[in-house]
1. For segment 21-64, name all the residues that are more than 9 Å from the ligand (Cβ to nearest atom), out of contact with any helix residue (DSSP H, G or I) (no Cβ under 6 Å at 6 or more places or on another chain) and of a type in the set (Gly, Ala, Ser).
Amino acid sequence: MSEPRTYSSDPVVLPLRLDPEPAPVPGCAVCRELANVRDRARAGGDVTTVSDCNVYLRRHPAGH
Ligand SMILES: [Zn+2]
């Protein structure tokens, strides 16, 4: 039982798993726009913008 355990590499995109992403609040135009920007940023591989959008989705200036 001494053979080394090998892991097949999963197709994980993000190196870090943090909190679950915030969902846009229904009816909030700011949330909807941020979600759109986040989707586009993710499609383009721009993880920095995705992260920024998540921060704003959690607490953007307009509030709810
Ligand atoms: Zn909102």
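1. 23, 35, 43, 44, 45, 51, listed by residue number.
Conditions tested, residue by residue: (1) at pLDDT 95 or above; (2) in a helix (DSSP H, G or I); (3) touching a Cys at 6+ places or on another chain (Cβ under 8 Å).
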{"position": "1", "(1), (2), (3)": "no, no, no"}
{"position": "6", "(1), (2), (3)": "no, no, no"}
{"position": "15", "(1), (2), (3)": "no, no, no"}
{"position": "20", "(1), (2), (3)": "no, no, no"}
{"position": "25", "(1), (2), (3)": "no, no, yes"}
{"position": "35", "(1), (2), (3)": "yes, yes, yes"}
{"position": "38", "(1), (2), (3)": "yes, yes, yes"}
{"position": "60", "(1), (2), (3)": "no, no, yes"}
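The values are calculated or read from the model by the stated rules, or taken from the named source; none is laboratory data. Nothing here was measured: the structure is a model prediction, and the numbers come from that model. Positions of Cβ are generated from backbone atoms using ideal geometry, with glycine treated the same way; all protein chains shown enter the neighbour counts.
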